1. From G22, G17, G43, grab the single residue that is open to solvent by 20 Å² or more (accessible area, probe 1.4 Å) and more than 17 Å from R83 (Cα to Cα).
2. Counting only residues that are crowded, with 19+ Cβ neighbours inside 10 Å and modelled with pLDDT of 50 or more, give me the strands (runs of 3 or more DSSP E) lying completely in segment 60-134 with at least 3 of them.
3. Where residues in segment 25-34 are open to solvent by 20 Å² or more (accessible area, probe 1.4 Å) and not acidic (D, E), which of them is nearest to the chain's Cα centre (by Cα)?
4. Using the structure shown, decide if R85 is within 19 Å of V20 (Cα to Cα) and not hydrophobic (A, V, I, L, M, F, W, C).
Amino acid sequence: MSWTTIRAESGVYVGAGARVQGSLKAQARVVVDGAFDGDVACGELVVGARGVVTGSIAASDARINGRIDSDLVVGRTLSVGPRGRAEGALSYAELEIERGGVVSGALARAASAARRDMISRRKPGAPKLVYVNPKLSAHLTSAQQSG
C-alpha cells in the first residue's frame, strides 16, 4: 500500500472493501465503510459497521458504528453505536454510547478553547470532492437523510 494525501472541501467516502493508507483532510463529512490507516481531520467522521480507522483523528463530530483504534479528538459530540468500538486516547465535548457500544482507553472531556485549536481547518485551493468509491453521491445522500 502506498501513502496518499487527500484534501477535500466537501466530502470523502471510503467504500466497503477499500483500503486506504495516508493522510486525509476534509472540511465536511468523511464516511469510512472500508479501512483507513493514517491521520484524519474532518468536520464529521462516520465509521460504518464494517469500517475501521487507525491513526490520529480530529473531527468536529464523530459517529462510530465500526472500529476506531487510535487517538481521537472530537470538538463536539462523539457517538458510539451499538456495534461501535472506540479504543485509544479519546477527547470530546459530549459522549454518547448506545447499549452494546464499547469505549476504552484514556477518556477526557476537552475544554472548548483546546477543541477549537485541535480541529483541522480547510486549506485554500483544496478540491471540492474526492471520489474513493463511485457510489459516493448515493451514499452521502442516504447518509445525510438518515443522520
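The values are calculated or read from the model by the stated rules, or taken from the named source; none is laboratory data. These numbers were taken from a predicted model, which means no experiment stands behind them. With ideal geometry, Cβ positions are generated from the backbone for all residues, glycine too; neighbour counts draw on all protein chains shown. In case anyone asks, the SASA skips ligands and DNA or RNA and just uses the protein heavy atoms, side chains included. Shrake-Rupley method; radii C 1.70, N 1.55, O 1.52, S 1.80 Å.
1. Being open to solvent by 20 Å² or more (accessible area, probe 1.4 Å) and more than 17 Å from R83 (Cα to Cα) holds for just one of G22, G17, G43, which is G17.
2. So the answer is 72-74, 77-80, 90-92.
3. Filtering segment 25-34 down to residues open to solvent by 20 Å² or more (accessible area, probe 1.4 Å) leaves 25, 27-29, 33.
Add one more test, that the residue is not acidic (D, E), and what stays is 25, 27-29.
On the way: K25: 10, Q27: 11, A28: 10, R29: 8 Å.
The extreme case among them is R29.
4. Details: within 19 Å of V20 (Cα to Cα): no; not hydrophobic (A, V, I, L, M, F, W, C): yes.
In short, no.
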